[in-house]
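Values in this text are rule-based calculations from the coordinates and carry no lab data. This one's a predicted model, so the numbers in the text were calculated from it and none came from an experiment. When we count neighbours, we look across all protein chains shown, and the Cβ atoms used for this are built from the backbone with ideal geometry, even at glycine.
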Amino acid sequence: MKIYNCDICGEMVYFENDHCVSCGSPLGYLPLLDNMSSMESSDGFVWKALAPSAHETNFKKCQNYWQQGICNWMVPITDPNTFCLSCRLNKFIPDPSNPQNKHYWHRLEIAKRRLVYSLLQLDLPLHNKADDPENGLEFCFLASKKNPQIEETEEVLTGYEHGTITINIAEANDAVREKMRLDMNERYRTLLGHFRHEIGHYYWWLLVHRNADLLERFRNLFGDERVAYEEALQKYYAGGAPIDWQNRYVSAYASAHPWEDWAESWAHYLHMFDTLETAGAWGMIVKFIKGKQRQSIHLEHRLQTFEEMRNQWVYLSCALNSLNRSMGMTDVYPFVWTETIIEKLRFIQQVIIQSAGEV
């Protein structure tokens, strides 16, 4: 994630801000220009972007911005859509008249917009189902509910199917999510992690399974996805991961099925990509001693080779883990990569580069 500055006072502003906390000027994110711009309006409907790159272009607020206070993205005034590029992906949202639901929805949207930001940075195809029913993507944010007729709760399962990503809004509750993490013996469970994992399933379907060459390479690395999926999951939940899973998989859950291995690996690639960009934006330099020589690395994410990204990530993740331990907190990135895992992540980068701008 980049660092942005207020166009009025020059103070730093964050991706989630809808106004500058220093001077109070309204802000709006311009996704097609990748800029968080200060905005001004004389009527509250037509907004002029003050960022130099916007050339004072006119915009309107996303409907979820001015109506719900959930979004901070802008829409070109000439665009017939009332929702922004991110909110257009929504099929179902929680009932915003319920304050708790609205709070959960807000947290989900923050994570989703960060996901969409990364997808745009990687130039990956991103279409909503309304515009492209065959290849498009949609999100359903749903709550489990009690069925009085059978006196049971109808549970919403977070998952992916045919271009639809469903997220149980309870995942936005930190206490609930942490309990689920502990119950499932997971090392890591976050809202953003869910989005990055589930979008991996979408891009496998969109980019890999239709391409004979990529599909063959996928099967050589991840295994044959034609193995019965439901049976594989039942076996995993009944017996857990293989004893040696750490030698082959980035997480225990990745061992359940080749699709899950891909989705987990995809999520970890996005973790690395976004965190390296953030570190680079902050001007972070990792200094270390290798052998008897002092060395330093200026962190960045747009590197020529996967090896360069991997090397930077190793040092950055170790530094972040050490910082967290200094605060008595758990590791930011509690995972170790073997050569097998590295080959899978390298393949994901190759798929992204090959597929950028396509479909």
May I ask for the net charge around Ala49, where only other residues with Cβ less than 9 Å from the Cβ of Ala49 are counted and Lys, Arg are +1 while Asp, Glu are -1?
-2
Describe numerically, in nm with one decimal, the distance between label points set 7 Å from Cα along Cα→Cβ at Asp34 and at Asn247.
4.1 nm
For the chain, what relative contact order do you get, as a whole percent, if you take Cα pairs closer than 8 Å and at least 6 residues apart?
11 percent
In deg cm²/dmol and to the nearest 500, what is the mean residue ellipticity at 222 nm of the chain if only DSSP H runs of at least 4 residues count, each as -39500 (n - 2.57), divided by the residue total?
-12000 deg cm²/dmol
Excluding Ala254 itself, what net charge comes from residues whose Cβ is under 10 Å from its Cβ, given Lys and Arg +1 and Asp and Glu -1?
-1
How much FRET efficiency would the formula 1/(1 + (r/R0)^6) give for Glu155 and Lys235, where r is the Cβ-Cβ distance and R0 is 22 Å, rounded to 0.05?
0.55
In debye, nearest 20: dipole of the stretch 214-266 around its Cα centre with unit charges on the Cβ of K, R (+) and D, E (-)?
100 debye
Could you give the dipole magnitude of the chain about its Cα centre, charging the beta-carbon of Lys and Arg +1 and that of Asp and Glu -1, in debye to the nearest 20?
960 debye
When the Karplus curve 6.51 cos²θ - 1.76 cosθ + 1.60 is applied with θ = phi - 60°, which whole-Hz ³J(HN,Hα) does each residue of the stretch 251-256 get, with x for Gly and Pro?
8, 4, 5, 4, 6, 5
Under 24 Å from the Cα of Lys344, which lysines turn up, not counting those fewer than eight places away in the same chain?
Lys235
Excluding residues on the same chain fewer than 8 positions from Lys145, give the lysines whose Cα lies under 20 Å from its Cα.
Lys91, Lys102, Lys179
Hey, if you put +1 on the Cβ of every Lys and Arg and -1 on every Asp and Glu Cβ in the chain, which of Tyr229, His55, Pro125 ends up farthest toward the positive end of that dipole?
His55
I need the shape label for the stretch 75-199. Rule: rounded when a/c is under 1.5, else prolate if a/b > b/c, else oblate, with a, b, c from the alpha carbon gyration tensor.
prolate
How far is it, in nm, from the label point at Val176 to the one at Val46 when both lie 7 Å from their Cα along the line to the Cβ?
4.4 nm
How big is the stretch 237-329 along each principal axis, measuring the range of its Cα positions in Å and listing the largest first?
47, 32, 27
Quick one: dipole size for the stretch 176-225, taken about the Cα centre, charges +1 on Lys/Arg Cβ and -1 on Asp/Glu Cβ, in debye to the nearest 20.
260 debye
By the C-alpha gyration tensor axes a ≥ b ≥ c (rounded if a/c is under 1.5, else prolate when a/b exceeds b/c, else oblate), the shape of the stretch 1-128 is rounded
How do 288-296, 306-314 rank on mean C-beta neighbours within 10 Å, highest first?
306-314, 288-296
Would you please put 316-326, 100-110 in order of how densely packed they are, using the mean number of other Cβ atoms within 10 angstrom per residue and starting with the highest?
100-110, 316-326
Gap separating the Cα centres of the stretch 303-322 and the stretch 40-104, nearest whole Å
35 Å
The stretch 277-359: relative contact order from alpha carbon pairs under 8 Å, six or more residues apart, as a whole percent, is 18 percent
State whether the stretch 216-265 is rounded, prolate or oblate according to the following rule on the C-alpha gyration tensor (a ≥ b ≥ c being the square roots of its eigenvalues): a/c under 1.5 gives rounded; otherwise a/b larger than b/c gives prolate, and the remaining case gives oblate.
oblate
Given the chain, what percent of its DSSP beta bridges are antiparallel, to the nearest 5?
75 percent
Can you tell me which aspartates and glutamates have their Cα less than 17 Å from the Cα of Lys287? Leave out same-chain residues fewer than eight positions away.
Glu300, Glu308
Extension gain, Ser97 back to Phe288 (0.36 nm per residue minus Cα-Cα distance, nm)
63.5 nm
Obtain the nm distance between the two label points defined at Leu303 and Met12 by a simple spin-label model: each point lies 7 Å from its Cα along the Cα-to-C-beta direction.
2.3 nm
